[in-house]
Amino acid sequence: MIKTTGLTKKFNEHLAVDRLDLDIPPGEVFGFLGPNGAGKTTTVRMLTCLICPTAGQAEVAGYKVGQDDQAIRQRVGILTETPGLYDRLTAWRNLLIYADLYEVDNGPKQIEKYLKLLDLWDRRNDTAGSFSKGMRQKLAIARSLLHEPEVLFLDEPTSGLDPEASKIVRDFIINLKGEGRTIFICTHNLNEASHLCDRVGLFRTQLRVLDTPAALQKGKGGRQVVFHLADAAENLPRYQNALVAMDEVNHVDIQNNKLLIRLDNPEQDNPAIIRTLVNEGAHLQFVGEVRHSLEDVYLQLMREAGHDA
Amino acid sequence: MHKIKTIILKEWAEVFKNRMVLFTVAFLPLLFLAIPQFSLQSLASMEASDTEMEEMIELARVCQQGADLTPMECAESYMLELFIVLFMILPVAIPVTIAAYSVVGEKTSKSLEPLLATPITTTQLLLGKGIAAITPAVVMTWLVYGVHVGISYFRVSPAAWGTLLDPLWLVAVFILGPLLTWMTVTIALMVSSRVSDPRVAEQLTSLVVVPIVLLMIGQTTGLFLLSRELILIAAIVIAVVDVILTYFCIQLFQRETILTRWN
């Protein structure tokens, strides 16, 4: 549904997006993660035909960016970083303008549908300027969906919202996911990405990594298991040496009185590890798996990207 | 056409929610209606022996050469002609600030990006904004001119009143005026799509009105008078200029520059 090959954008000498290759199938919710200034919004603007790529190709909903721009605009919905509503106009009027611009069949019915879905129906005759931040965001989401787009671009959909409003928006996105739309979410809310997205791409000018949230959380070098020991610190290097010699073990770190061991298959390998430690005289207190948050993975990768840059 | 109409209605809905804009659209035409009526009142109260009246009649005679009019009819006719130019420039003055704000205003309120993401063409967008800016001013001017013609019917001689329905002046008010207005609106839209601050747009576009104000001063002070030929030539030239400016206005509207340079 979205396919890019070597997509690049330069603003004078500044390289904003560098050779981006993506292939997002229909119905996928894709999270585009990166820090501020990483080039996420620039990418969305290229894919929604607001700006032209400097190099490379992109296809959205089967149409080529730069050649079929009007067709693409008709088939995508976009929630921009700021809602960009007409504050003096009512919620209804705001949506009616866009229903007309997208030439929506039976616009008023579509407007009613989305105002009701987003719990704004009772406020339809109030001006957008009188709305709270969360309501403005919901109204902007309704606007992006009026024409039932095949692809939906959401740029920081919960940015600046309170937890309740964020949850409402997230739940709504989950509902949209159920409808089979392709959704491209730009965010730096990693918790959100891990809950909503089928795959995430960590991006900083270049695409650093692309995988499912679960695979990213698993991290490089396998899963990590922690062994808490009731031993003197000077004994731990000895245990480390014994473990490193084992084929199953990828890596061992010492942290205070703990051993952090990377394994491909802890369920299978843990008994052998425990036997080795007991044979070495270790006093084992507790064993558990360390679950990396997406945030850990993100920070690590962004640090690496920073060093690369 | 449907999308142009949507933009026009959107612009009106936004602009006229602001009462100050509504006030300026209504105030200036009423002021321009009052000025000639006040001058006609002054003329009527002058005595034939007044030096000013004598000078006025003399100037009017020169200007109305060949017309079979009494001295008073001549003076009235001359005065009406002097002020017709007001109705020509009236629609120019009103929409310039509306047009100047229309693009940069949307940019600063962040509503431009979602609008440009819709399948609207640049031509549709700019035509919608331009027509939305000029229509209230032009319609208001025509209405006020109608009122002016109506009131003058009871205040001046039939011979002088006929001046107001002279095809030349009707061309000036109903064709040249709107053409001049479109010219200034396209310039205002060009400025609005090239600057990043609404105040700069308004300051720059206010300069557009200066030549037209000078024209009005020249006409009302008797420095020169617009002739039939001059009005017709001006209408044709301005129509051509309008087409060229509209083309450039569309070409200069660079979506990418507008969205990225102004951040």
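The values are calculated or read from the model by the stated rules, or taken from the named source; none is laboratory data. None of the values given here were measured: they were computed from a predicted structure. So basically every Cβ, Gly included, is an ideal-geometry build from the backbone, and we count neighbours across all protein chains shown.
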For the range A:125-132, does any single residue satisfy the condition of being of a type in the set (A, V, I, L, M), in contact with a Ser or Thr (Cβ under 9 Å, 6 or more places away or on another chain) and either within 11 Å of chain B (Cβ to nearest Cβ) or over 27 Å from residue A:27 (Cα atoms) (or both)?
-> yes
Selection over the range B:109-125 where residues are within 30 Å of the chain's Cα centre (by Cα) and at the interface with chain A (Cβ under 8 Å from one of its Cβ atoms) yields a count of 7
So how many residues does the range A:50-73 have that are facing chain B (nearest Cβ under 8 Å) and either hydroxyl-bearing (Ser, Thr, Tyr) or surrounded by 18 or more Cβ atoms within 10 Å (Cβ to Cβ) (or both)?
-> 3
Here the qualifying pairs (Cβ atoms under 7 Å; residues six or more apart or on different chains; first in the range A:151-162 and more than 17 Å from residue A:174 (Cα to Cα); second buried (at least 24 other Cβ atoms within 10 Å of the Cβ)) come out as A:161/A:137
Considering the range A:5-40 alone, what residues qualify as being part of a strand (DSSP E or B), more than 16 Å from the chain's Cα centre (by Cα) and either surrounded by fewer than 21 Cβ atoms within 10 Å (Cβ to Cβ) or among the basic types (Lys, Arg) (or both)?
-> A:5, A:6, A:8, A:9, A:10, A:11, A:14, A:15, A:18, A:19, A:21
Candidate set from the range A:104-118 (those that are in contact (Cβ under 8 Å) with a residue 40 or more places away in the chain and part of a loop (DSSP other than H, G, I, E, B)); member that is farthest from the other protein chains (Cβ to nearest Cβ) = A:118
Within the range A:6-17, is there a residue that is among the hydroxyl-bearing types (Ser, Thr, Tyr), touching a Leu at 6+ places or on another chain (Cβ under 9 Å) and away from chain B (no Cβ under 14 Å)?
-> yes
State the number of residues belonging to the range A:88-100 that are within 30 Å of the chain's Cα centre (by Cα) and within 7 Å of chain B (Cβ to nearest Cβ).
-> 1
The range A:259-291, subset buried (at least 17 other Cβ atoms within 10 Å of the Cβ) and of a type in the set (D, E, K, R), residue farthest from residue A:216 (Cα to Cα) = A:269
Given A:284, A:259, which one is in contact with a His (Cβ under 8 Å, 6 or more places away or on another chain), at pLDDT 85 or above and not β-branched (Val, Ile, Thr)?
-> A:284
Which is surrounded by fewer than 21 Cβ atoms within 10 Å (Cβ to Cβ) and more than 12 Å from the chain's Cα centre (by Cα), of A:168, A:173?
-> A:168
Pair list, Cβ under 6 Å, 6 or more apart: the range B:3-27 residue part of a helix (DSSP H, G or I), other residue buried (at least 18 other Cβ atoms within 10 Å of the Cβ) and hydroxyl-bearing (Ser, Thr, Tyr) | B:14/A:86
